[in-house]
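FYI, it's all coordinate maths here, none of it is from the lab. These figures come from a predicted structure and were not determined experimentally.
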Amino acid sequence: MARGINKVILVGNLGNDPDVKYTQGGMAVTRISLATTSVRKDRDGNTQERTEWHRVVFFGKLGEIAGEYLRKGSQVYVEGSIRYDKYTGQDGVEKYSTDIIADEMQMLGGRGGGEGGGGGSYERSPRPQRQESAPRPQSAPSRQPAPADDFSDDDIPF
């Protein structure tokens with residue numbers, strides 16, 4: 001019935017080069033640190049800046065693309081969902097993490113190093129399943145187009 005919505009949209013700059021690792025099954029997992037800055041004026045009219053840092057994770061082909069093309073300082077648009085995790089550290093203390101799991105990514109502006117060039121838009125394939133040990137075959141859900149109503153283009157009023 002009623003589903004929740006978990007959607008995050010970020011536009012910011014990379015604080016470091018992407019960290020690319022691969023699972024035992026060969027899937028790319030790329031992590032970046034993304035800075036977003038907001039500007040406001042205080043009561044006295046002084047400009048106040050606030051920078052938030054976000055941990056963003058890309059999986060699969062999207063992770064490979066992010067690892068290959070993104071660099072420290074790159075401006076990027078990221079769309080995805082937020083994930084909160086709780087785990088026990090090596091010292092036995094419970095720790096918490098917040099990650100943005102990216103579904104889409106678009107490179108904005110030019111790349112550093114004078115290479116120029118604009119962005120590209122990329123989307124992740126169906127959401128990957130966590131693999132604990134041996135990779136398991138995954139079947140992508142088939143998406144059927146919505147049934148068309150019985151009307152022609154002439155019936156559309158615009």
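Partners of Lys95 within straight-line reach, counting lysines whose Cα lies under 18 Å from its Cα and excluding those fewer than 8 residues away in the same chain: Lys86.
For a straight C-alpha distance cut-off of 21 angstrom, the lysines reachable from Lys61 (same-chain residues fewer than eight places away being disregarded) are Lys7, Lys21, Lys72.
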